[in-house]
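Shown next, in structure tokens, is the structure this report addresses.
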Amino acid sequence: MSKTVFLIGPGFIGWNVLELLVGEGYTVSALVRRKEHAEQIQKCGALTVLGKLDDKELIAKHSSESNIVIHTATADHLPSVEAVLDGVKSRAKDGKSTIFIHTSGTSVLDDGAKGSHKSDKIHSDDNPEDIDALADDAPHRPIDLAIIKAKTELGAKAKLAIMIPPEIYGFNHNHKRLTIQIPTITRFALKHGYAGHVGEGLSVESQVHVMDLARAYIILLHHLEGLPAEDLANPYFFCENGKEFSWLEVAQHVGNALHAKGLIKSAQTKTFPEDAYDDLFGPDTPAIIGLNSRSRAVRLRKLGWEPKEKGIWESYEQDELPQILAESS
């Protein structure tokens, strides 16, 4: 199989994946929205395709021309995933196999806790029946189900896998891209004068550094390249570094860091009032930063993957917080 990759979403996650792919000799084409970003991606050694996620014909075309497709743009855009699947099916009709790795997220595990408690439920990716039992309308699940359906239809004609990362942290100084959740909580604290949490903040989530995650895509890709399609019965792959945090802990670290710099008057945390959710994630705030989402990446570890990057709070204080503060300087 030739090493041609169509990568959708060379941003916070995908840009790092792209550089690793180029470094290994893959020919990478990346879908980008802006000319300025395209120029940056080209400097990294990749080709670029100007377009948007809603450009279904464009995405289907480039998917049909690539034997590897990796989607890291978002876990919640069904039209772009449908376009990829159209391209994969077109290749299958011509007798060509495709590897497709889609990025979902462990918000799919949300139990509706809204910060009220720490769940005892831990999901493992070597137990696919547990994941298949999740509600069809769980976050990200409708898109995941479209892929599962296509996987069943295609059988041995394609290899479809779903990467399911938890809270992603970390920073690449060359890219200047940040994750979403903890920076948003930080910006809220700077605006409102306190670090907060949903409910009591007791819900717990797994975590992974973005560079550890990027390496996981490469390890998964190599695994799929050598795996007969009929042997890929389980499409799910979690990716976490073995550590967890509560959302109360997030608020405490944010509050302490900002208070130490004299940016807020007190490090004491508070519960976010619902009328402030518009400065966070709107009505989805409890599902995004108040959820229990505990996962175990058993399968990647069996493939030799292991986390190597700095911890979440070291990364926050050394890398992410300075970048957040630079935004308003």
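Spacing of the modelled spin labels on Lys157 and Lys310, each 7 Å from Cα toward Cβ, amounts to 4.9 nm.
Just checking the listed ones, Leu78, Leu263, Leu202: in the Gaussian network model of the chain with Cα springs under 10 Å, the one fluctuating most is Leu263.
Fully extending the segment from Ile180 to Gln42 would add 47.2 nm, taking 0.36 nm per residue of separation and subtracting the current Cα-Cα distance. Note on Leu20 and Asp120: with the Förster distance fixed at 45 Å, the Cβ-Cβ geometry gives a FRET efficiency of about 0.80.
Projecting the Cα atoms of Pro166, His192, Val204 onto the charge dipole of segment 53-204, computed from C-beta unit charges around the Cα centre, puts His192 farthest toward the positive end.
Once you've got the Cα coordinates, tell me which of Lys118/Lys191; Lys89/Lys159; Lys96/Lys302; Lys96/Lys159 are over 19 Å apart. The answer is Lys118/Lys191; Lys96/Lys302. What the phi angles of segment 99-107 give under the Karplus curve with 6.51, -1.76 and 1.60, with θ = phi - 60°, is a coupling list of 9, 10, 10, 9, 9, 9, x, 6, 4 Hz, glycine and proline written as x. Considering the options Leu291, Gln268, Gly304, tell which one lies farthest towards the positive end of the dipole of segment 263-307, charges being +1 on Lys and Arg and -1 on Asp and Glu at the Cβ, about the Cα centre. Value: Gly304. Applying 1/(1 + (r/R0)^6) with R0 = 41 Å to the Cβ-Cβ distance of Leu145 and Ser266, what FRET efficiency is obtained, to the nearest 0.05? E between Leu145 and Ser266, to the nearest 0.05, is 0.35. With the simple model of a label 7 Å out from the Cα in the direction of the Cβ, Asn172 to Asp130 spans 3.1 nm.
Computed from Cα positions, the angle between helix 210-225 and the longest principal axis of the chain comes to roughly 20 degrees.
Karplus-derived 3J(HN,Hα) values for segment 189-203, using 6.51 cos²θ - 1.76 cosθ + 1.60 with θ = phi - 60°, are 4, 5, 6, 9, x, 7, 8, x, 8, 7, x, 8, x, 8, 5 Hz; glycine and proline are entered as x.
Counting only protein heavy atoms and using a 1.4 Å probe, the accessible area of Cys44 comes to about 30 Å².
Comparing Val254, Val108, Val49 in a Gaussian network model of the chain, where Cα atoms under 10 Å apart are tied by springs, the biggest mean-square fluctuation is seen for Val49. Think of the chain as having a plus end and a minus end, set by charges on the Cβ of Lys, Arg, Asp and Glu; of Val81, Val254, Leu47, Leu47 sits farthest toward the positive end of this dipole.
Once both axes come from the Cα atoms, what is the angle between helix 247-260 and the longest principal axis of the chain, in degrees from 0 to 90, rounded to 10? It works out to around 60 degrees. Of the solvent-accessible surface of the chain, computed with a 1.4 Å probe over protein heavy atoms with every protein chain present, carbon and sulfur atoms account for 48 percent. Helix 78-93 axis versus longest C-alpha principal axis of the chain: approximately 20°, rounded to the nearest ten.
Segment 104-168 and segment 36-81 have Cα centres separated by 23 Å. Scanning residues 5 or more positions from Arg177 or on other chains, those with amide H under 5 Å from its amide H are Asn172, with H placed 1.01 Å from N in the peptide plane. Working note: Karplus 6.51/-1.76/1.60 with θ = phi - 60° gives segment 157-166 the couplings 7, 7, 10, 10, 10, 10, 7, 10, x, x Hz, where Gly and Pro are set to x. Think of it as helices only: each DSSP H run of n ≥ 4 in the chain is worth -39500 (n - 2.57), and spread over all residues that comes to -11000 deg cm²/dmol at 222 nm. For Val204, the residues whose modelled amide H falls within less than 5 Å of its own, excluding neighbours fewer than 5 places apart on the same chain, are Ser119, Asn292, Ser293. Taken about its Cα centre, segment 286-329 carries a charge dipole of roughly 600 debye when the Cβ of each Lys and Arg holds +1 and the Cβ of each Asp and Glu holds -1.
Using the Cα centre as the reference, give the magnitude of the dipole from point charges on the C-beta atoms of segment 170-329 (Lys, Arg: +1; Asp, Glu: -1; all else neutral), rounded to the nearest 20 debye. Don't jump to the answer; show the numbers that get you there.
Numbers: 16 positive and 21 negative charges, 77 e Å.
Rounded to the nearest 20 debye, it is 380 debye.
Charged side chains reduced to their Cβ positions (Lys and Arg at +1, Asp and Glu at -1) give the chain a dipole of some 800 debye around its Cα centre.
The values are calculated or read from the model by the stated rules, or taken from the named source; none is laboratory data. In this text, all values refer to a predicted model and were calculated from it rather than measured experimentally. For neighbour counting, all protein chains shown are included, and Cβ atoms are generated from backbone atoms with ideal geometry for every residue, glycine included. For accessibility, only protein heavy atoms count, side chains too; no ligands or nucleic acids. Shrake-Rupley method; radii C 1.70, N 1.55, O 1.52, S 1.80 Å.
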